[in-house]
Every structure is written in C-alpha cells, then in structure tokens.
Amino acid sequence: MSLTFNSGLDMERSYYAATANPFAPAPMLHDAHEADLVVIGGGYTGLSAALSAAKQGMSVILLEAGRIGWGASGRNGGQLIPGWRKGATELVKMYGEARARILFDISLRAREWALSQIAENAIACDLATSGHLLAAAKPTDLTWMRAEVETLERVMGYPHARVLSPEETRAKVASDAFHGGFLDAFGGHLHPLNYALGLANAAARSGVQLFEHSEVLSVSGERGVVARTARGEVRARHGVLACDALLGNLAPRIAGRIMPVANYLVATEPLEAPRALIADNLAVSDSRFVVNYFRISADNRLIFGGGERYTPTPPTDIASFVRPFMLRLFPQLAEARIDHAWGGLVSVTMSRLPHVGRMGDLFFAHGYSGQGVVLPAIAGAAMVEAMAGRSDLFEALAAIAPPEFPGGAALRTPLHVLGMLWYALRDRL
Ligand SMILES: Cc1cc2nc3c(=O)[nH]c(=O)nc-3n(C[C@H](O)[C@H](O)[C@H](O)COP(=O)(O)OP(=O)(O)OC[C@H]3O[C@@H](n4cnc5c(N)ncnc54)[C@H](O)[C@@H]3O)c2cc1C
C-alpha cells in the first residue's frame, strides 16, 4: 500500500494544490464494511456516481488509493468543452443522425449535471461559463469547423457554436499561430481540484463514507462486489470502478481499452494584462493532435498545457519542458516567470470515446480521452440508474465502447510511442 498513490508528476507543486479549498482528510479503511455501493476511485467519475447513488438513498462507501481529487480530476486544464472528444459530424458518420443526436444530448445533460452540482452545493471552483475556442492550427481546419457548425445546428438543434475568421480569432487570442477558430458559447473553465473537492464534500454531506489512502488490491463482481484493501474490505450489492488512467492491473479484462498518456501543464506568475492575451475569459485549445490548451486563472495566470513526449519517463524539469510550447504560441511571455509545473495521466481510447460498461455487478467508466471534466457526471449517473434497473442511458453509453488497443494492455506503450510520432509528424506537415 502506498501513501502517495496519485501524488506523482509534481501534483503537490501544482497551481491547483497551492490554491485548493480546505478539505478534511478522510480516514484509511480498516476492518470489514457493508454498503449498497462501493466506489473505487475518488475522481469526478467515482464522486459523481457516489453522489448520484447517495441521492437515490443508497448507502455508499468510496475508496480512494491516494488523496481524493488528486488523479486526473485535480490536475487537468479545467476546460469545459461541450460534446465529446469526437465532434458532432464524426458522431453522425459513425452512428447516423438519430443516435448521434441522442449521444450529443447526453453530453449536454452531463454539462447540466456538473453546473447544477456546482450551483446547488455552492462549490467555489472559479467557474466561468464564458465559452471555449478551438483554435485552428491549419487553414484547412476551417472546412471541417464550418461543417461542424452546420451539423450542430441542423442535426443537434444546437445554435451556440460559430466559426471565427483569422482576424476575429486574433482578437480573442494574441497569437499569430492560428488561422481561425470554432467558438462554442457553452464552454468555459473551472478550478478542477476545487470542483472535485466540492463534489466530495457534497457526497459526504449526502452520507457517502469517504476513505483515502485505501488502495483496492483486488475486486470481484460476481453476485455482489467485494473490494479488498490491505487493512479492510467492503462487501456491496454493486460496485463502480472509477480508476481511469491509474487502473493498473486491478481489472485486466478492461485495461486494454485505455492507454495512459502523460501530459504536462504550467502556471505563469499573475500577468499584468491577461485579457490582452486571451479575451472574454475564454478557455482555448488548438486543433493539433498533440493539443495545446490554455486559459487565464481566477488570479490572472496563464494555465498552459501541452507538449509531446515519446518516452514513458517524465521530464526531469516539467517547467522547462512545457515552456517552449508556450513560447511558440506566445513569444511575448518570454520574460514571464513560471510559478508552477506539474503533469497528469490522460486515459485515451482507440475511438476517443469513453469506455462504459459492467462486469457482473461491477460497473466501470473511464477513457474520456482528454475531455473528462464534464462527461464523468453523466457516466456516474448512468451507472447508478442501471443499478436501479433503468438502463436506457447506460446502454446508450455502453454501446459506444471503444475497441481494445491492438496487442491489449501489454503492447499499448510501444504502440503509443509510434502513434504519437506519426501524429506529431502530421501536425508538423
Ligand atoms: C493533464 C491533463 C489535462 C486534462 N485537461 C482536461 C481539460 O482541460 N478538459 C477536460 O474535459 N478534460 C481534461 N482532462 C481529462 C480529465 O481530467 C479526466 O478525463 C477526468 O478527470 C477523469 O476523471 P476520473 O474520475 O475518471 O479519473 P481520476 O480523476 O484519475 O480518478 C481516478 C482515481 O482512482 C484512484 N484509484 C486508482 N486505482 C485505485 C485503486 N486500486 N484503489 C482505489 N483508488 C484507485 C486514483 O488514485 C484516482 O484518484 C485532462 C487530463 C489530464 C491528465
């Protein structure tokens, strides 16, 4: 058992840890317990499922191997991006208009759930619903961006997105790197760790028993669920496996559907003229395969994520690693100090759509492929609905399960390296 399960990649030095709201540490699990539901993993997926279940009157125990919120949920870019990692046009190509519309609506319900939890529980997480701009790294991106706006309007009945010209984009983002953009007024950003901690507090208030430093070492889901840690165990009617990129070997049957990919961020010192860099308090990401993403924090820092890396070992100096990617877009920040640098593991699937399903009484959801601030909310709710016998939502999500990576869990890393090299090359060409 490790006391530092999800504290790697300099999380303790992150901007988010430095500005986290107070959160009372939860105890470690000891002895044998029983509950209606045991949730494994204390990120957005596990916390949303736990909160939904508690609201349905279920008794819930949540086991977190490290600290609650310290996985991807507490270290991400904080960008609220409507929809799925696959755009509306691609969804229509894959599933036809009717099913694509259902899936898109599900993503909007996820956004609603997240925003309503923040409002109902007064979660102080610097929420800004000011829009998300997808900046075009290539002039040709504008073609699919226009098609995307058309699909969103015609098929999804969604009027909130529009394409920006190069000049309009330059007025939003002070960089010469972009050729236009796709602006979605329903996007925004938040402080990801404080959102997770706020969900955890709400769950605890609803009766969820939270345990930290309680790594589940084995779990079985045949006729009820038994989850064992080094010092205790929980027996429950149902279970939720919500470990995302940190799943490890806990569930080998499903591990081959997700690939952990390290990604790194920095926070600059507070900037004197942040709105001159990014107007309208937008969250911005670009259309490169190895995405650059950035926004201004509530205290006026640029939070910038990006960078390609082809070995599984992290850079020795994360700030020096990310800085050139930031300066490539914003050379005017050459003198800006970097106050925080950290990394996290994104879990990516072959289709870039999440993997939601069940193994007996043990449900799971993971693999949001870099778009998992909002979507875990609906995955959590769907799993809880399915436990209560209402399975429409759950089935709709389970039906988009991604294929296994070729070679399964064993070959993911070398294939990932090759894949990243190929796409990085494509970005350059
Ligand atoms: C660097 C980075 C930037 C990102 N940027 C964005 C963004 O801007 N916008 C966006 O929409 N998405 C973004 N994402 C994706 C998003 O953060 C994730 O999809 C989301 O947080 C996944 O939530 P989760 O609860 O499924 O996983 P996590 O938050 O990782 O939680 C899983 C938890 O399970 C615990 N756990 C694992 N194994 C065990 C075990 N055996 N026993 C008990 N507990 C266990 C872990 O310790 C961890 O706390 C980013 C991700 C990263 C890493």
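Considering every residue within the stretch 305-321, establish whether at least one is in contact (Cβ under 8 Å) with a residue 12 or more places away in the chain, within 30 Å of Ala128 (Cα to Cα) and in a strand (DSSP E or B). For the stretch 305-321, residues in contact (Cβ under 8 Å) with a residue 12 or more places away in the chain, within 30 Å of Ala128 (Cα to Cα) and in a strand (DSSP E or B): present. So, in the stretch 74-111, of the ones that are part of a helix (DSSP H, G or I) and of a type in the set (Gly, Ala, Ser), which residue ends up surrounded by the fewest Cβ atoms within 10 Å (Cβ to Cβ)? For the stretch 74-111, the residue satisfying everything is Ala98.
Applying a threshold of 7 Å to beta carbon distances and a minimum spacing of six or more residues, or different chains, the list of pairs starting in the stretch 227-247 at a residue that is of a type outside the set (D, E, K, R) and ending at one that is part of a loop (DSSP other than H, G, I, E, B) and more than 12 Å from the ligand (Cβ to nearest atom) reads Gly232/His30; Ala236/Gly224; His238/Asp361; Gly239/Gly221; Gly239/Asp361. Only one entry in Leu47, Leu9 is modelled with pLDDT of 95 or more and either out of contact with any His (no Cβ under 9 Å at 6 or more places or on another chain) or small (Gly, Ala, Ser) (or both), namely Leu47. Picking from residues in the stretch 121-144 that are in contact (Cβ under 8 Å) with a residue 40 or more places away in the chain and part of a helix (DSSP H, G or I), the one that is farthest from Phe104 (Cα to Cα) is Asp141. Taking the stretch 29-49 as the range and being part of a strand (DSSP E or B) and surrounded by fewer than 24 Cβ atoms within 10 Å (Cβ to Cβ) as the test, the residues that pass are Asp31, Ala32, His33, Glu34, Ala35, Asp36.
Selection within the stretch 236-280: residues that are of a type outside the set (Asp, Glu), part of a helix (DSSP H, G or I) and open to solvent by 40 Å² or more (accessible area, probe 1.4 Å). The member of this set that is nearest to Thr313 (Cα to Cα) is Leu246. Quick check: is even one residue across the stretch 227-250 under 30 Å from Ala341 (Cα atoms), modelled with pLDDT of 95 or more and more than 12 Å from the ligand (Cβ to nearest atom)? Checked the stretch 227-250: no residue is under 30 Å from Ala341 (Cα atoms), modelled with pLDDT of 95 or more and more than 12 Å from the ligand (Cβ to nearest atom). Report yes if some residue within the stretch 66-87 is away from the ligand (no atom under 12 Å from the Cβ) and in contact (Cβ under 8 Å) with a residue 60 or more places away in the chain; otherwise report no. Yes, some residue in the stretch 66-87 is away from the ligand (no atom under 12 Å from the Cβ) and in contact (Cβ under 8 Å) with a residue 60 or more places away in the chain. Residues in the stretch 325-360 that are in a helix (DSSP H, G or I) and open to solvent by 60 Å² or more (accessible area, probe 1.4 Å): Arg328, Pro331, Gln332. Here Ala24 passes the criteria (1) open to solvent by 50 Å² or more (accessible area, probe 1.4 Å); (2) in a strand (DSSP E or B); (3) among the hydrophobic types (A, V, I, L, M, F, W, C) except the one numbered (2). Restricting attention to the stretch 199-235, the residues being among the basic types (Lys, Arg) and under 15 Å from Glu34 (Cβ atoms) number 3.
The values are calculated or read from the model by the stated rules, or taken from the named source; none is laboratory data. Please read these numbers as outputs of a predicted model, since none were measured by experiment. Positions of Cβ are generated from backbone atoms using ideal geometry, with glycine treated the same way; all protein chains shown enter the neighbour counts. To get the accessible areas, we keep the full protein, side chains included, count just its heavy atoms, and leave off ligands, DNA and RNA. Shrake-Rupley method; radii C 1.70, N 1.55, O 1.52, S 1.80 Å.
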